[in-house]
Amino acid sequence: MAHPQRRRLLAGLAAGTSGLHLPTARAAVDPKALARTAAGKPPVSWYESSPTEQIDKVIAAFNTVHPGVRVRQTRLIGGNELAVRAVQESQARGYTGDVLTGGADHTWQLGERKLLEPVEWAGLGVPRAMTPSPLVMATTASVYVVLWNTRKVSDAEAPRTWEDVLHPKWTQRMGSWVRAAAFAQLAATIGPDTARRQLERFIALKPMLFKSTFPLAQAVGAGEVDVGIGFYHSTLPPINAGAPVRMRALDVVPMHIIYSAVSRGARNPEGARLLLAWLSTEAGALAYEQATGRGNPLIATTETAKFIAGRRVSEWPHDKSGDLAALNEFYNRLLEGVGAAR
């Protein structure tokens, strides 16, 4: 998805903010009125990456509050699929999913193309800290961890720092997501040049790449990979199933907030707003985390917020999402040299 501003960012890797000019937000609407209108429209189409059986539980919890508002998930897995699909559908038929949930760089791309609808978040009761822009709301987060097979690596030997991760002893023993997003987020703290050098050292370990961090965690549990850099939420299933897997946060914790937005031209914008407003509450956030393992770090009672409490977290601010998109694209090209992902 070539884009002039993205090309400029890639050329410099040091551009400023996105320069996004937002239209005037709509006035707040009463939730009861929203619910009545939403109930008479097609189901809210939610583009989200979690397994369907997990999101079905989230939707069920939402329907205890708004029983008349139907929601259907379309599962989109990995990388740029959200942005690519939303753009293609909008061009082909004039609309896409009603609620779009994805990384900051992906929602930024959609905002740049004016495919997102501004929302008066305060009128819906959404905390200001969750809404860095009228276009997006923080829904959850993906938190990077190191995980290891306890039958092949002792707790004492398992990495505690990024320098430990990059030790040559992990050559051909390391697993990773196919995307280099952890290093792109690290760049927010240690700088793009240092993060690039660390990524090059990581690539020298010849890590086994996975299209998703879920099969990565399963491979660690099966002993196919000794150590991996994965996500907190995707490591929980094998741990909860009794697999010989443990995980910990490293000295710097890369994290990316997962944002949600209402698409421009949504067929049920009222239901979309209701769903996002509910997800911003403690009840909604906890229901989402209990089902998916991903919690909102801005809500202190989530396990995700507790996991990173007091730790040094590295993440680009939302108004630097253009820089993050450029770094992700640049670093991903470097990592692709390792070979095809499983």
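The values are calculated or read from the model by the stated rules, or taken from the named source; none is laboratory data. Bear in mind the structure is a predicted one, so any value in this text is a computation, not a measurement. Here Cβ is always computed from backbone atoms with ideal geometry, including for glycine, and neighbour counts include all displayed protein chains.
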Quiz item: Assuming Gly295 fulfils every condition listed in (1) of a type outside the set (A, V, I, L, M); (2) in a loop (DSSP other than H, G, I, E, B); (3) surrounded by fewer than 21 Cβ atoms within 10 Å (Cβ to Cβ) apart from one, which condition is it?
Solution: (3)
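What do you reckon, is Ile190 at pLDDT 95 or above and surrounded by fewer than 19 Cβ atoms within 10 Å (Cβ to Cβ)? Please lay out each step first, then the result.
Working: at pLDDT 95 or above: yes; surrounded by fewer than 19 Cβ atoms within 10 Å (Cβ to Cβ): yes.
Considered against the rule, which asks whether it is at pLDDT 95 or above and surrounded by fewer than 19 Cβ atoms within 10 Å (Cβ to Cβ), Ile190 comes out as yes.
Answer yes if at least one residue in the range 102-122 is of a type in the set (S, T, N, Q) and either part of a loop (DSSP other than H, G, I, E, B) or at pLDDT 95 or above (or both), and no otherwise.
Of all residues in the range 102-122, those of a type in the set (S, T, N, Q) come to 107, 109.
Okay, now just the ones that are also either part of a loop (DSSP other than H, G, I, E, B) or at pLDDT 95 or above (or both), so none.
There is no residue in the range 102-122 that is of a type in the set (S, T, N, Q) and either part of a loop (DSSP other than H, G, I, E, B) or at pLDDT 95 or above (or both).
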Quiz item: Of all the residues that make up the range 79-125, how many are among the aliphatic types (A, V, I, L, M) and either surrounded by 21 or more Cβ atoms within 10 Å (Cβ to Cβ) or in the same structural domain as Thr213 (by TED's automatic domain parsing) (or both)?
Solution: 10
Quiz item: Of the residues in the range 30-48, how many are crowded, with 21+ Cβ neighbours inside 10 Å and of a type in the set (Ser, Thr, Tyr)?
Solution: 2
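In the set Ala217, Ala222, Ala261, which member is of a type outside the set (Ser, Thr, Tyr) and not assigned by TED's automatic domain parsing to the domain that holds Gln198?
Numbers: Ala217 fails: not assigned by TED's automatic domain parsing to the domain that holds Gln198; Ala222 fails: not assigned by TED's automatic domain parsing to the domain that holds Gln198.
Only one candidate qualifies: Ala261.
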Quiz item: Any chance the range 249-259 includes a residue that's in contact with a strand residue (DSSP E or B) (Cβ under 9 Å, 6 or more places away or on another chain) and more than 22 Å from Trp162 (Cα to Cα)?
Solution: yes
Quiz item: Given the conditions (1) in a loop (DSSP other than H, G, I, E, B); (2) touching an Asp or Glu at 6+ places or on another chain (Cβ under 9 Å), and given that Trp148 satisfies all but one, which numbered condition is not satisfied?
Solution: (1)
Quiz prompt | Matching entry among Leu298, Leu279, Leu250 (being in contact (Cβ under 8 Å) with a residue 24 or more places away in the chain, within 17 Å of Glu48 (Cβ to Cβ) and not small (Gly, Ala, Ser)) | solution = Leu279
Quiz item: Among the residues of the range 279-292, which ones are assigned to a helix (DSSP H, G or I) and either buried (at least 24 other Cβ atoms within 10 Å of the Cβ) or β-branched (Val, Ile, Thr) (or both)?
Solution: Leu279, Ala285, Tyr288, Thr292
Quiz item: Are there any pairs with C-beta distances below 7 angstrom linking a residue in the range 165-185 that is closer than 13 Å to Ala204 by Cβ to a residue that is polar (S, T, N, Q) and surrounded by fewer than 22 Cβ atoms within 10 Å (Cβ to Cβ), with the two at least 6 apart or on different chains, and if so which?
Solution: Leu166/Gln198
Quiz item: Out of (1) on the phi < 0 side of the Ramachandran plot; (2) in the same structural domain as Ser133 (by TED's automatic domain parsing); (3) more than 16 Å from the chain's Cα centre (by Cα), the odd one out for Ala285 is which?
Solution: (3)
Practice problem: Give the residues of the range 178-198 that are over 14 Å from Asp105 (Cα atoms) and of a type outside the set (A, V, I, L, M, F, W, C), sorted by residue number. | Solution: Thr189, Gly191, Pro192, Asp193, Thr194, Arg196, Arg197, Gln198
Exercise. May I ask you to list the residues in the range 292-327 that are touching an Asp or Glu at 6+ places or on another chain (Cβ under 8 Å) and hydrophobic (A, V, I, L, M, F, W, C)?
Key: Ile299, Trp316, Leu324, Ala325
